[in-house]
Amino acid sequence: MANSIYRASMLQSNSQLLFQPCLSNKHCVPKKTNLLCFASSQLNPARSEVSFCTGTHLIPHPNKVERGGEDAFFVSNFKGGVIAVADGVSGWAEQNVDPSLFSKELMANASSLVGDLEVNYDPQILIRKAHAATGSKGSATAIVAMLERNGTMKVASVGDCGLRVIRKGQIIFSTTPQEHYFDCPYQLSSELVGQTYLDAVVSSVELVEGDTIVMGSDGLFDNVFDGEIVSTLAAYSDVVEAGFRCSFLEEISGDEANRWKA
């Protein structure tokens, strides 16, 4: 997103983010759909050799529409770009705790700490500091990706939020979900029993111009097969339209299987 200011924002949903790296001499304007500005970073982004073009979309779980879902995310164009998703754990609702509060605060804190010197542009350390600063009761799965100016994307994830990198119609990189057992993912929590940044899976991948990165909560990847995501991206060159179509597939698949995931 060369020469563009894209304020880091957060959106609550069963959400997914789609990104396409582009060279800084291209006029790559950030795009967004139904984006709710919840938190922003005051950092001045540096010009980068490789950066993200962004499209987002959301469809909340049918039972969670009134509160806008339990997911949150932010997008920042600090340096090459930072993207993150958190999914509030719905089981807290049984204790009369709003599951979205923890995920929203976690992402707000992460957004404000992107340029922190102690974070040192490290997604695992960003998770540590954002988690430590979160005071809401609850827990969430989370994933953070940071793009270096040379095209290296660093990823840290706790739980079952996911990321795919698609290049020329093929998935060349996927994160692996972490679960204690079925439907009980690793999670950052306000309680001592939860996981920490030390439990994060850390990885990196070299991106090239034209790659597409799909990031989302398990609400996307549990309901839409990877092949469906790839074929959808092939049909739509615009990342915003592709994001909408993936959301539509998620809604249809979830309804047909009657297995929307928290």
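The values are calculated or read from the model by the stated rules, or taken from the named source; none is laboratory data. Every value quoted in this text rests on a predicted model; they were computed, and no experiment measured them. All Cβ positions, glycine included, derive from the backbone under ideal geometry; neighbour counts span all protein chains shown. Heavy atoms of the whole protein, side chains included, go into the accessibility calculation; ligands, DNA and RNA do not. Shrake-Rupley method; radii C 1.70, N 1.55, O 1.52, S 1.80 Å.
Among residues belonging to region 58-77 that are at pLDDT below 80 and among the aliphatic types (A, V, I, L, M), point out the one that is most open to solvent (accessible area, probe 1.4 Å).
V65
Restricted to region 78-125, and to residues that are more than 16 Å from the chain's Cα centre (by Cα) and among the aromatic types (F, W, Y), which residue is surrounded by the fewest Cβ atoms within 10 Å (Cβ to Cβ)?
Once the filter is applied, the top-ranked residue is Y121.
Kindly list the number of the only condition in (1) without any contact (Cβ under 8 Å) to a residue 60 or more places away in the chain; (2) of a type in the set (A, V, I, L, M, F, W, C); (3) under 19 Å from F73 (Cβ atoms) that fails for M215.
Evaluating M215 over (1) without any contact (Cβ under 8 Å) to a residue 60 or more places away in the chain; (2) of a type in the set (A, V, I, L, M, F, W, C); (3) under 19 Å from F73 (Cβ atoms) leaves (1) as the failure.
Residues in region 190-221 that are more than 18 Å from V82 (Cα to Cα), in a helix (DSSP H, G or I) and open to solvent by 50 Å² or more (accessible area, probe 1.4 Å): how many?
2
Condition first: among the basic types (K, R) and assigned to a strand (DSSP E or B). Now tell me which residues in region 130-163 satisfy that. Full working, then the answer.
Taking region 130-163 as the starting set, the residues that turn out to be among the basic types (K, R) are 137, 149, 154.
Result: K154, single match.
What number of residues within region 138-162 satisfy the criterion of being open to solvent by less than 50 Å² (accessible area, probe 1.4 Å) and over 21 Å from F73 (Cβ atoms)?
2
Has region 163-178 got any residue that is of a type in the set (V, I, T), open to solvent by 30 Å² or more (accessible area, probe 1.4 Å) and in contact (Cβ under 8 Å) with a residue 40 or more places away in the chain?
Within region 163-178, one or more residues are of a type in the set (V, I, T), open to solvent by 30 Å² or more (accessible area, probe 1.4 Å) and in contact (Cβ under 8 Å) with a residue 40 or more places away in the chain.
Can you name every residue in region 98-126 that is part of a helix (DSSP H, G or I) and out of contact with any strand residue (DSSP E or B) (no Cβ under 7 Å at 6 or more places or on another chain)?
L101, E105, N109, S112, I125
Out of everything in region 179-189 that is of a type outside the set (A, V, I, L, M, F, W, C), open to solvent by 50 Å² or more (accessible area, probe 1.4 Å) and assigned to a loop (DSSP other than H, G, I, E, B), what residue ends up being modelled with the highest pLDDT? Break it down stepwise before answering.
Looking only at region 179-189, we keep the residues that are of a type outside the set (A, V, I, L, M, F, W, C), and these are 179-181, 183, 185-187, 189.
Next, from what is left, pick out any that are open to solvent by 50 Å² or more (accessible area, probe 1.4 Å): 179-181, 183, 186.
Within this subset, residues satisfying the condition of being assigned to a loop (DSSP other than H, G, I, E, B) are 183, 186.
Values: D183: 89, Y186: 98.
Selected residue: Y186.
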